[in-house]
Amino acid sequence: MKNIDGLEITENISSKRILDIKIKEEIISELIDLFKRFDLTEIEYKPFTRFTVAKYLDDLTNNDLSKYLNHILRDRKTGCFIIGPEKITNKINDDFLVKLSTAITHLFGLPNYDSMAGKFYARFHVKHEDKSDSYLRKAYGNLDLHTDGTYVKEATDWLLMMKIREENAKGGESVMLHLDDWKFCDEFFNDPVGKQNFTWGSPRSKNIPYKVEHPVFYASQDGRALISYIDQFPEPKNMEQGMFLQKLSDSLESSKNKIKIKLSAGSAIVANNTFWLHGREKFEKNKYLFRELLRIRGYFNKK
Ligand SMILES: [Fe+2]
């Protein structure tokens, strides 16, 4: 296992493909001091400050962290890590967690503009009651396995999902599936329907005024399956496309190799969005259920 000063790195208990990275308290307390230089408005308005907070984090780990995170995310064998402070103390507030997530993502890429939130990241709640128009905030339904960014023009190479806080939450575990752990990947990848162009729209809350066309499956440079898929947004043009999507959804959801992760508050799952799918199980009913999440998604820095 990789050894970097200030970090504790282990293999995730549920999957060899996922690395757990805990940031030790001494690094966190130095970051708290360094991050005080910028408030959230500066981070949101001035893109260069996002690189400054990223550099603070990298410098505190001898500039090894950026190399390591790039390696994990681009490597087909892994492609995913869970990162967060070793211990949550009362000095860690939500502003700090936004800055920490910003710092982490700017070590390997650039964020896409998040139209739902009107900035480079989005914070949103999952609660008992919901009147929204997508599965994102529906606490009592499964959020089925999917990739992000299926309905936008920008490339979405990676995503970060951080749990900022939660109260009265039972259930709602994160679910992950790597394409190479899905038994039927080759069968669907080799089906010509999967390489047809599908139309992808999105509900009003996403604030995307256009639709895009792309296939569900495409090949990496070395010929391996990559996927861009979600259940709610493709608009099948005919029975053939409709049945392909239904079969695909049924096969993914019934996969025996789905990984369940109980993410603690203050931690983030970061995954390659082209060969990892993600979702969420439903919550147990509770009137006082509250979870706040932060997401950042984007593309890899060009080397
Ligand atoms: Fe998602």
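The values are calculated or read from the model by the stated rules, or taken from the named source; none is laboratory data. Not measured: the values here are computed from a predicted model. Using ideal geometry, Cβ is built from the backbone for each residue, glycine included, and neighbour counts are taken over all protein chains shown. These area figures cover heavy atoms from the full protein model, side chains too; ligands, DNA and RNA do not enter into them. Shrake-Rupley method; radii C 1.70, N 1.55, O 1.52, S 1.80 Å.
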Sole miss for S264 among (1) surrounded by 15 or more Cβ atoms within 10 Å (Cβ to Cβ); (2) closer than 27 Å to L40 by Cα; (3) out of contact with any helix residue (DSSP H, G or I) (no Cβ under 9 Å at 6 or more places or on another chain) is condition (1)
Scanning the range 42-54 for residues that are assigned to a helix (DSSP H, G or I) and among the charged types (D, E, K, R), the one surrounded by the fewest Cβ atoms within 10 Å (Cβ to Cβ) turns out to be E42
Has the range 20-41 got any residue that is touching a residue at least 60 places away in the same chain (Cβ under 8 Å), open to solvent by less than 40 Å² (accessible area, probe 1.4 Å), in contact with a Phe, Trp or Tyr (Cβ under 7 Å, 6 or more places away or on another chain) and of a type in the set (V, I, T)? yes
The condition from (1) at positive phi; (2) surrounded by 15 or more Cβ atoms within 10 Å (Cβ to Cβ) that L248 misses is numbered (1)
Of G266, G298, the only residue that is in contact with a Gly (Cβ under 6 Å, 6 or more places away or on another chain) and in a loop (DSSP other than H, G, I, E, B) is G266
If we keep only residues of the range 271-288 that are in a strand (DSSP E or B) and more than 13 Å from the ligand (Cβ to nearest atom), then the residue nearest to R76 (Cα to Cα) is N272
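Let's see how each residue does on (1) touching a strand residue (DSSP E or B) at 6+ places or on another chain (Cβ under 9 Å); (2) touching a residue at least 24 places away in the same chain (Cβ under 8 Å); (3) among the basic types (K, R):
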site	(1), (2), (3)
A169	yes, yes, no
F189	yes, yes, no
I208	no, yes, no
A225	yes, yes, no
S254	no, no, no
I261	yes, yes, no
The strands (runs of 3 or more DSSP E) lying wholly within the range 112-192 that contain at least 2 residues that are closer than 19 Å to C80 by Cα, within 13 Å of the ligand (Cβ to nearest atom) and open to solvent by less than 20 Å² (accessible area, probe 1.4 Å) are 143-146, 158-167, 174-178
A careful count of residues in the range 193-209 that are open to solvent by less than 30 Å² (accessible area, probe 1.4 Å) and not in a strand (DSSP E or B) gives 6
So I88, is it in contact with a strand residue (DSSP E or B) (Cβ under 6 Å, 6 or more places away or on another chain) and hydrophobic (A, V, I, L, M, F, W, C):
no
Within the range 80-106, of all residues that are polar (S, T, N, Q) and more than 13 Å from L69 (Cβ to Cβ), the one least open to solvent (accessible area, probe 1.4 Å) is T102
